[in-house]
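Written below as structure tokens is the structure these notes are about.
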Amino acid sequence: MTKGIDVIVIGCGHNGLVCAGYLAKAGLNVHCFEANNSVGGMTAPYDLGDGYETAGLATVGYPLRSSIVRDLNLREHGYQPGPAIDTISLADNGDHLVISEKEVLSNNIPEDEANRFKQLKADYREYAKKLEPIFCNKPPRLKNMDWSDKFLLGKLGWNARFGLGRESMYELLRVAGSNIYDVLNDSLSNEQLKAAIAWDAVLGSAMGPRSPGTVMTWLQRLGGELNGPLHQYCDVSTSVSTALLKAADSLGVTVHLNAEVKRILTQDSKVAGIELANGEALQAKTVVSNVDPRTTLLRLVGAPSLDAMFAHRVSQIRGQGVVAKMYFALRGQPEFPGLNDSQLKGKLLIAPTMQYIERAYNHSKYGECSEAPVIEVTLPTTHNPGLAPPGANMMAVNVAFVPYRFAGEPEREALVKKTIAKISEFCPKLESLIVKHRLLTPKDIEQRYHAVQGHWHHGELTLHQSFMMRPLYGAAQYDTPVHGLFLCGAGCHPGGNVTGLPGYNAAKRLLKTRS
Amino acid sequence: MRILKDHFRQALSRTPFHDRLRERSATEEWMSWNGYKVPRILDKLSREYFAVRSGCSVLDMTPMEKYQVTGPDSRLFLNRLVTRNIEKLRPGRVTYVAWCDDDGKIIDDGTLFQFSDDQYRLCSQHHQLDWLLISASGFDVDVQVETHDVAALAVQGPTSYAVLTATGFSGVEKLKPFDVADFLLGEIKVSISRTGYTGDLGYELWMDPKDGAEIWDAIFGVTHLYDVQPMGLTALEMVRIEAGFIMPGFDFNTAESTIRDGYSRSPYEVGLDWLVDLNKGHFTGQAALAAEKQRPLKRKLEKLVVEGNKPVGESFIYNGKKGKRCGEVKCTTWSPILKANLALAEIEYTNGKRPSDLWTQIDYKRELKWHTTWAKCHAQSKPFYQPKHRNETPGLE
């Protein structure tokens, strides 16, 4: 069965499957090994027991890139982006702020402010569009450029100068390395509105709105928006991971579940194969790892098999998860005064001001969890009642900023209490509805999803870890100093979120190096 | 590790032998070596030089960087660190090694001592703790600095064996080149290795700093039988060039001290190709060195004998008399024993070959007036000075 393997893919997150799909499509014999009992990684369904489940650790996101959907026939395999949702920033007085991707929907914001938001969003979507070529390609090398690197840089320059025009290009260059706090203060005045945008810029990262580079992270999120509106992942049957598995299957990819890879075997800086946790060894000259770069290189390959400084630089990749997940099984429908039933389908945000987010982040720097965390609530059962028993509901909650170091039992209980108390300020009867709950701290996420330090994006999306420096120079073009070892996960350019782009770019790069 | 306290009150630290050296210093010509105050010349350069070549000289080499490497993965760690295959190294043996960065450029060279299965000492010219710790990641090893905890004397020269025996060390005759063993002088434990930086018969003595003065006195207690002279670093520079030994950081840039691309050097470029084993399994820089080996050699640090008696200065090397510039002199000496001008020079190769006709231009002064002349250079593959007695066991009586 495993004879004549061309490529071994380690980890069946969505990027691993995208990569495997493209490689199989190019005629390679691809075998995927997944440690868990289901594919999809953070997009795999999460079972809470007693009939309660969710569609994944990732609860909201943007549609997969259309070219990937088309290339892998994902529509035919059942892929259906979930229903588009709005963002609702909860207000103490019940006068909640509702925004769609392009405009403010609620009428509690002055018209000129709403227009400024519309303009800002339009401008930044345009920037994101012009940056698209860099996200959909391997990041260009600055030294020893090949033809495609030069072409890409040329295209970027052309896009920026002639696509945006001189004024906009200057503006983009001015803000690119800046922080979202300053940029939003320049354009808008409503605190709640600014906080809702700032949250999008820092979500999943150990960054506050005032951290440099948060404009870039926002632009990356807007890059996702170009594929379609924000939606909830709420139906396993039409999810990314289900469709990708079917697509991979139809393309001839062999997927091995419950098959944890213990080591990547190397000889003289060349890949020789893999060793599974059960002791079985398989030979292969090419291995693609969907696992985060630090785990791949330091644990699976091992620092001794790498050059010393490269191994050291890998160990210095920044990326500690700061978002905890909490699932609540609810016996009835939660009521948020001021929100109607259709609004409950949205992404509910507790982050009244940018200062609130910044303060919540500050605590995490010192290993503490703020008394006033930023909370993002979704109710997947409002879209798909099948995720809970009849009449019951699931609530999926992101809590930030929860430091990675935070782990003790008393702290966990306190965090759950704190979270329930905070949501209860907007949903007074919440506590009486809770049947059970589950908390996944960054440490738990690390364990369950094999993502080092529980970071969603496998590494902080800072400027110094982006583009030709993601995950680090020397491995930024998906190939690594270990000949035959490629990376294809969120730790690579262009980074996290459910885009499929790292997987796609990696496959393209791998195929190029073989030809 | 010794905790340095109040050390900042002195610009330069004193070695355990400092008081003895000061008594012998007629010139008071001191210099800094690795933060220690050491003699450049003690009384007369010629006396110090000829002691090494025809008698016995003693050099205080305490400032050498020394690292203790222990733990079950020591050998794996060291073999991943250095370019040479140390699989055959055994307890009681010493070997010369060099290590490179990821790009295959030399960080430093040094001597590696093995004391037991998992106990080693690495001696180097430059501070290496950061690189050793970076390299230790993923290995079960412990790296400790012991630079300031071990005092060291180099006893070198044709009569060095006789001097040590007369001093009272018995069994030194059993030491073959690159052996190391423990000896007792009375109650004092001294570790002696048959190693050195002079190219002559010689030994290096490693001891607890508190015993330093006593060992010094014992060695200089035999001066009624043998000529034993303390030596400064100027004489050492002369004899190491005669022996063809290179000095990282002086004859070529070390990888961690360069800023500009292309300024650091690989083992191939400094004539250490014999120290690189590309087939021993993975080590830092292996891939880069394997790739470099596929390309024609760009340049090489060469040993040159320069014709004539005019001293070579810091000068360029030319292909042909008044020809095209093709290299530069890195260090020079007049060799009294060979009666020749010697130089180590970096020569730029063309298509992997050394230019055939090497010349240098020498500017020299005669009665304060500058003159210029051209001198032909002859590249040598062997050390300039390599006496037979260097490798004879036991050493000369």
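The values are calculated or read from the model by the stated rules, or taken from the named source; none is laboratory data. Bear in mind the structure is a predicted one, so any value in this text is a computation, not a measurement. Don't worry about glycine lacking a Cβ; one is built from the backbone with ideal geometry, like all the others, and counts go over all protein chains shown. Please note that ligands, DNA and RNA were not included when accessible areas were found on the heavy atoms of the full protein model with its side chains. Shrake-Rupley method; radii C 1.70, N 1.55, O 1.52, S 1.80 Å.
Values computed for the structure shown
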item: Given 13 as the ceiling on other Cβ atoms within 10 Å, longest exposed-site-free region of chain B for chymotrypsin sites (Phe, Trp or Tyr not before Pro) in DSSP loops; result: B:1-249
item: A/B buried area, accessible surface, summed, 1.4 Å probe, Å²; result: 1100 Å²
item: Helix-only CD estimate at 222 nm, as mean residue ellipticity for the protein assembly as shown, using -39500 (n - 2.57) per DSSP H run (n ≥ 4); result: -7500 deg cm²/dmol
item: Convex hull volume of chain B per residue (C-alpha atoms, cubic angstrom); result: 158 Å³
item: Spatial separation of Cα centroids for region A:333-411 and region B:18-90, in angstrom; result: 65 Å
item: Nitroxide proxy distance, nm - points 7 Å out along Cα→Cβ at B:Arg22 and A:Ser106; result: 8.1 nm
item: Other protein chain Cβ atoms within 10 Å, averaged over every residue that makes up A:80-92; result: 0
item: Links that overshoot a 26 Å alpha carbon limit, given the list B:Lys37/B:Lys310; A:Lys365/A:Lys418; A:Lys143/A:Lys270; result: B:Lys37/B:Lys310
item: Cα coordinate range in region B:297-375, projected on the principal axes (Å, largest first); result: 44, 28, 16
item: Cβ-based net charge around B:Thr95, under 9 Å, with every Lys or Arg adding one and every Asp or Glu removing one; result: +3
item: Region B:343-397: C-alpha gyration tensor shape, a/c 1.5 cut-off, then a/b vs b/c; result: oblate
item: Two-site label geometry, A:Lys512 and A:Asp6: point separation in nm, points 7 Å out along Cα→Cβ; result: 1.8 nm
item: More than 34 angstrom apart: percent of Cα pairs within chain A; result: 34 percent
item: Inter-centroid distance (Cα atoms) of region A:454-515 relative to region B:95-171, Å; result: 41 Å
item: Percent accessible area from carbon and sulfur atoms, region A:256-332, protein chains only, probe 1.4 Å; result: 44 percent
item: Carbon + sulfur, % of accessible area of region B:315-397 - ligands and nucleic acids excluded, 1.4 Å; result: 47 percent
item: Residue mean of other protein chain beta carbons inside 10 Å, B:279-288; result: 4
item: Label-point separation in nm, A:Lys155 to A:Lys436, each point 7 Å along Cα→Cβ; result: 5.0 nm
item: Mean accessible surface per residue for region B:351-397, computed with a 1.4 Å probe while every protein chain stays in place, in Å²; result: 73 Å²
item: Candidates B:Ser193, B:Ser356, B:Ser160, ranked by Gaussian network fluctuation over chain B, Cα under 10 Å, top entry; result: B:Ser356
item: In Å², nearest 10: area of A:Arg448 left accessible to a 1.4 Å probe; result: 100 Å²
item: P(r) tail fraction, region A:107-243 - alpha-carbon pairs more than 22 Å apart, %; result: 48 percent
item: Pairwise FRET efficiency - B:Ala291 versus B:His389, Cβ, R0 = 41 Å, nearest 0.05; result: 0.45
item: Stokes-Einstein diffusion coefficient of region A:6-73, Kirkwood radius over Cα pairs, 4 °C, 1.567 mPa s, in µm²/s; result: 97 µm²/s
item: Rounded to the nearest 20 debye, dipole of the protein assembly as shown from Cβ charges on Lys, Arg, Asp, Glu; result: 2820 debye
item: Residue with peak Gaussian network fluctuation, chain B [Cα springs, cutoff 10 Å], from B:Arg325, B:Arg53, B:Arg299; result: B:Arg325
item: Any cysteine of chain A lacking a neighbouring Cys Cβ under 4.7 Å - listed by number; result: A:Cys12, A:Cys32, A:Cys136, A:Cys234, A:Cys369, A:Cys427, A:Cys492
item: Accessible surface, per residue, of region A:20-176 when the full set of protein chains is kept, probe 1.4 Å, Å²; result: 47 Å²
item: Solvent-accessible heavy-atom area per residue, rounded to whole Å², over region A:322-425 at 1.4 Å; result: 37 Å²
item: Helix A:409-424 vs. chain A, principal-axis angle (Cα, 0 to 90°, nearest 10); result: 50 degrees
item: Bridge type composition, the protein assembly as shown - antiparallel percent by DSSP, nearest 5; result: 85 percent
item: Charge dipole (debye, nearest 20) of region B:188-340; +1 at Cβ of Lys and Arg, -1 at Cβ of Asp and Glu; result: 1040 debye
item: Taking the convex hull of Cα positions in the protein assembly as shown, its mean projected area over all directions (nm²); result: 46.0 nm²
item: Per-residue average of Cβ from other chains inside 10 Å of A:308-316; result: 6
item: Distribution of pairwise C-alpha distances over region A:64-169, 5 Å bins, in %; result: 2, 10, 13, 12, 14, 14, 13, 11, 7, 3, 1, 0
item: Farthest positive-ward along region B:254-378 dipole, Cα basis, beta-carbon charges - from B:Val312, B:Leu275, B:Thr254; result: B:Val312
